[in-house]
Amino acid sequence: MNRKGSFNPREKLAVDTTSFAVEDEIQITDYIVANIGASVNFFNIKDQPGGGAKSHFIEFNPQIGIAYNPRYDLGFHFACGRKAAFPRMKDMYPVGQWNPMMRANFDLDPEHIFAMEMGIKKDFSKIGKIGFTLFRDEIDHMIESGPKPGGGMWMENKPDKRIVRGIEIDFDLNLFKHLFWGVNYCYLDTEEKSTDDEIVFRPRNSGNSYLRYIFNFGLTAQLDIDFSSKNRTKFIKKVVMPPPQPIFDYERLGGYTFLNLRLQQKFKDHYTAYLNITNLFDTDEEEGFCPRQRLKPLPGRMLTAGFSMKF
């Protein structure tokens, strides 16, 4: 990754991530199924400006789940497991023109997440289906912006635990023979254990709705609408000198609504071509706040295309 907006446009950062996973399904009774799995994940910084920081992590993530299906159209499930979220490149190297106080930090540790969820799903035969899921995540070492010793800001691992809990509701309806409609809604409640404040950049309300049509000649066309409510962000209220140390305050960022287009064409039984356009109308999303101006990411619209084979 070359950061052309950074202090040194010739600096380069390269990162490798590799994962190996195994999963097994065990039929305990006629109605109860257990899923047991684990993954090993590798993270390596190949190139970093200056060098000398942590460069390699190995994380082991076990997971287990239980499903109880007393009837063919009704199911309950419970799952828990450990997850690791490695630092992103923009976390380690966020310097740029949007915030001249940001500094690079290549000594970030992975976030460790213990996740639990339980839910119920009901199938209404040819009409559709509906599901409810309760979830709770406990996050250690969350990566967030903070003051850098000696002046300025950087991304750092927070020592206190963060809690993310909520409910997710989704339903799918078969409107006609080839036309399908679905809605997904998620309500979040977040908490920083040391302060009882909300976690930044976590919208309380978010969701998605899709309309899908499947043609007789193998083409699937789908329109998605993604929406998000306002969320809390942190910004620099003032800078104390010397050395330059930021004083933070909080502000609400506006929500957004995106329209996405997805096309998928099947050829025979094994080949599929697809085209995805995210944020079709290039809608701006507020990603940060400062007293003088709202900050918006660029570019907004993204197009991906590909071809897959299955045997």
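Modelled label positions at L175 and F124, each set 7 Å beyond Cα in the direction of Cβ, lie 1.6 nm from each other. Pairs from the table (K83/K129; K126/K268; K83/K122; K266/K310; K83/K230) lying more than 18 angstrom apart at Cα are K83/K129; K126/K268; K83/K122; K83/K230. Amide H contacts for I199 (H built 1.01 Å from N in the peptide plane; partners 5 or more residues away or on another chain; cut-off under 5 Å): T190, E191, E192. Net length available on complete extension from L219 to E23 is 67.4 nm, with 0.36 nm assigned per residue and the Cα-Cα distance removed. Backbone phi angles across region 177-186, fed through the Karplus curve with coefficients 6.51, -1.76 and 1.60 (θ = phi - 60°), yield HN-Hα couplings of 4, 10, 10, 10, 9, x, 9, 10, 10, 10 Hz in residue order; Gly and Pro are listed as x.
Treating r as the C-beta distance of F114 and I277 and R0 as 35 Å, the FRET efficiency rounds to 0.45. Under a 5 Å amide H cut-off, with hydrogens placed 1.01 Å from N, K148 pairs with M153, W154 among residues at least 5 apart or on other chains. Listed values for region 264-277 are Karplus-derived 3J(HN,Hα) couplings in whole Hz (6.51 cos²θ - 1.76 cosθ + 1.60, θ = phi - 60°), namely 9, 10, 9, 10, 6, 10, 10, 10, 9, 10, 9, 9, 10, 10, and x replaces Gly and Pro. Amide H contacts of G255 (H built 1.01 Å from N, in plane; Pro and chain starts excluded): K230 sit under 5 Å, all sequence-distant by 5 or more or on other chains. Each peptide in 199-208, 25-34 receives the mean, over its residues, of other Cβ atoms within 10 Å, and ordering these scores from highest gives 199-208, 25-34.
A Förster radius of 22 Å combined with the Cβ-Cβ distance from R136 to D107 puts the calculated FRET efficiency at roughly 0.15. Computed from phi, the 3J(HN,Hα) profile of region 74-85 under the Karplus parametrisation 6.51, -1.76, 1.60 (θ = phi - 60°) reads 9, x, 10, 8, 9, 8, 8, x, 9, 10, 10, 10 Hz, with x in place of Gly and Pro.
Multiplying the residue separation of K90 and M302 by 0.36 nm and removing their Cα-Cα distance gives an extension gain of 74.5 nm.
Taken together, the values in this text are just the output of simple stated rules run on the coordinates, not laboratory data. What you are looking at is a predicted structure, and each value in this text was computed from that prediction instead of being measured. Here Cβ is always computed from backbone atoms with ideal geometry, including for glycine, and neighbour counts include all displayed protein chains.
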